[in-house]
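Here, each number is a calculation from the coordinates, and none is a lab measurement. Just so you know, these numbers come straight off a predicted model, no measurement behind them. With ideal geometry, Cβ positions are generated from the backbone for all residues, glycine too; neighbour counts draw on all protein chains shown.
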Amino acid sequence: MTADVVVVGSGPNGLAAAVTMARAGLAVEVFEAAEEIGGGLRSKALFRADVVHDVCSAVHPMAAASPFFREFDLVARGVELLRPEISYAHPLEGGRAALAFHSLARTCERLGPDGRRWEALMRPLLDRSRGVVDLMLSGRPNPAADPLVALLLAGRILRHGSPLATRQFAGEEAAALLSGVAAHVVGAMPTPASAAVALLLGHLAHGSGWPLPRGGSGRIAEVLAADLAAHGGRIHPGQRVTDLRRFAGVRAVLLDVGAREFLTIGQELVPAGYRRMLRALRNGPGAAKVDYLVSGPIPWAEPLVGRAGTVHLGGIQREVFRQETAVARGRHGDTPFVLVVDPCAVDPGRAAPDGQRPVWAYAHVPNGDPTDPVELVTARIEHYAPGFRDTVVARRGVSAAALESYNPNYVGGDIASGAVTVKQSLLRPGPRWDPYRTPMRGVYLCSAAAAPGPGVHGMSGYLAARSALRREFGIRSAPPLGPAE
Ligand SMILES: Cc1cc2nc3c(=O)[nH]c(=O)nc-3n(C[C@H](O)[C@H](O)[C@H](O)COP(=O)(O)OP(=O)(O)OC[C@H]3O[C@@H](n4cnc5c(N)ncnc54)[C@H](O)[C@@H]3O)c2cc1C
């Protein structure tokens with residue numbers, strides 16, 4: 001093989017790693033198990049040729065804000081990041097809904113006495129948003145981090161990541177809003193890890209926003225792949241790597257794979273200590289996905305919910321905490337947390353000429369749950385949007401257990417490639433100063449199983465590539481990533 005660098009897996013991290021290495025002037029080859037590239041960024045027509053569904057990720061607060069994507073500049077490459085007027089909504093009983101507008105002021109206005117508290121929680125983070133994002137996505141303890149940002153986060157994590165969380169707001173709306181964002185951790189709540197996720201995503205909702213790429217998430221994979229091709233890189237879809245020895249002699253091999261797949265393809269090359277560490281990386285609960293083709297907008301009881309990019313169905317804070325904690329312990333929730341996205345809320349072009357459109361949803365369920373989620377998720381949406389059931393033209397459910405056959409990184413449906421606990425947030429994949437370097441010469445872990453963890457931010461790939469450039473090629477400076485360079 002003539003490549004300087006091999007990347008296994010073409011998810012956002014694999015592509016970010018490949019782009020970074022190619023931009024440094026190296027010959028890069030990417031091997032992808034699936035027939036389509038993109039991993040968690042795939043979009044596909046599922047029911048009719050003119051309606052595209054996001055198979056995994058749909059909403060991109062981190063792609064709009066992460067250091068890798070800021071440099072790469074999606075917008076300058078023609079990806080329109082459509083920012084909804086309401087970042088996320090959280091319907092409640094009696095036709096009410098809590099709404100997180102992109103405008104912090106409008107959000108606070110609707111929260112009554114809790115408006116002041118929401119402002120005090122979010123404003124200081126918004127004023128230092130870049131520092132907050134850089135600290136939380138930097139992948140390891142960062143001595144260069146702004147100490148004021150660290151202090152702001154520490155106090156808030158303490159209050160919202162402990163039993164004190166239930167005492168921070170007077171009314172149901174603000175508490176529900178924050179618990180819905182914290183639930184993106186997909187784990188027991190409240191914990192410092194869930195609070196950290198809530199603060200990162202929560203403040204971005206009022207800053208760079210929670211955008212959807214016009215046309216679907218696949219657009220992000222397309223422009224990453226185009227940049228790679230423009231710099232000489234090649235992608236080989238439909239090639240699952242089963243044995244790392246295939247790449248003997250390649251100077252750097254970056255693996256966009258989960259811990260279990262790493263062990264499978266590394267076989268006896270993986271030293272015992274590192275093997276033990278990867279085995280100890282615990283998986284979190286599963287996601288069970290439902291894609292719908294519907295005949296029109298979702299008939300939410302509170303019509304403003306239809307203007308939100310993302311909708312959280314979980315009820316009041318106490319319910320969200322209870323259900324998420326039960327699911328993390330392997331018990332079925334009777335009313336599981338469900339996320340819903342109607343992309344047409346911001347991207348009307350996603351609808352067919354006759355008005356049929358995609359709806360994206362997934363529920364948090366125990367790891368490995370084999371239950372078809374269609375009925376569960378449909379009932380949850382119907383509860384807050386009476387009549388939804390009648391709009392469904394076609395639907396496809398993928399259980400948590402089945403998600404793994406779609407992508408080996410999602411073991412038991414764990415879309416985070418490892419539970420986001422406090423320990424596994426700070427030390428991911430385990431206690432190593434450089435989370436990307438492995439004891440195997442030239443082999444790097446570059447997936448969401450390494451810090452900073454799940455989400456479409458490209459940072460595990462970018463930071464792994466920087467580590468490999470330094471160690472394997474003696475290249476210390478970051479290659480330029482912008483479209484003009
Ligand atoms: C249903 C769902 C909804 C989500 N929603 C969002 C969202 O809205 N916003 C957000 O930011 N994040 C979301 N996520 C999470 C996000 O998609 C992931 O965190 C992200 O894709 C992780 O990127 P990655 O590159 O590490 O891995 P992946 O995207 O999982 O990519 C890994 C790639 O490696 C390939 N691969 C694995 N093993 C091999 C092998 N042996 N040989 C060759 N190829 C291999 C896989 O096929 C895959 O293409 C969602 C995920 C799911 C599943």
Determine the relative contact order of the chain: mean sequence separation of Cα pairs under 8 Å and six or more apart, normalised by residue count, in whole percent.
-> 25 percent
The residues Cys56, Cys344, sorted from fewest to most surrounding Cβ atoms within 10 Å, come out as Cys344, Cys56
Which whole-number percent is the relative contact order of the stretch 332-485 (Cα, under 8 Å, 6+ apart)?
-> 13 percent
Using θ = phi - 60° and the Karplus form 6.51 cos²θ - 1.76 cosθ + 1.60, what ³J(HN,Hα) does each residue of the stretch 10-15 get, whole Hz, x for Gly and Pro?
-> 10, x, x, 6, x, 5
Give me Rg over Rh for the chain, both radii from the alpha carbons and Rh done the Kirkwood way, two decimal places.
-> 0.95
Among Asp347, Asp369, which comes first, second and so on when ranked by fewest other beta-carbon atoms within 10 Å?
-> Asp347, Asp369
Which order do Met122, Met459 fall in if you start with the one that has the fewest other Cβ atoms within 10 Å?
-> Met122, Met459
By the Cα gyration tensor axes a ≥ b ≥ c (a/c under 1.5 gives rounded; else a/b larger than b/c gives prolate, otherwise oblate), the shape of the stretch 43-165 is oblate
If one compares the long axis through the Cα atoms of helix 192-204 with the longest principal axis of the Cα atoms of the chain, the angle in degrees, nearest 10, works out at 80 degrees
